[in-house]
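Quick notes on the structure that follows.
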Amino acid sequence: MFNNNRFLTCGVDSTIPLELQLFMWNCVDQLSEPMDYLQVFDLKPAGCMQSITHSSEEPAYRKSYLLQSDNPITEKLYIINDGDYSTMLLASEY
């Protein structure tokens, strides 16, 4: 479902490290069908680790990850598939 052209907003480009962007795209790539058009990612510091919680509503999905990070961040992101393309954006840009 998310195997179309992919884009990201200026906010994601300036705020989210490339490694985390690629990790989140990979999380979506690993999902099996059916999957929600809206994928949600909550990023939070967990000590010196980056906590990422990936979720969606329909079907219900939730998985958490801990990654090594020199500068963990707090941010909420969406990856939205509108059929023609997929876009990664900050929740504040929605």
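Key figures
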| quantity | calculated |
| --- | --- |
| For the chain, Kirkwood radius (reciprocal of mean inverse C-alpha pair distance, Å) | 13.4 |
| Spacing of the two label points (7 Å from each Cα toward its C-beta) at N3 and M35, in nm | 1.1 |
| Using θ = phi - 60° and Karplus 6.51 cos²θ - 1.76 cosθ + 1.60, couplings along the stretch 41-52 (whole Hz; Gly, Pro as x) | 10, 9, 10, 8, x, 9, x, 9, 10, 9, 8, 10 |
| Rounded to the nearest 20 debye, dipole of the chain from Cβ charges on Lys, Arg, Asp, Glu | 280 |
| Rounded to 10°, Cα long-axis angle of helix 18-29 versus longest principal axis of the chain | 40 |
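All of the numbers you see were taken from the coordinates with simple rules; none came from a lab. Please read these numbers as outputs of a predicted model, since none were measured by experiment. Note that each Cβ is placed from the backbone with ideal geometry, even for glycine, and that neighbours are counted across all protein chains shown.
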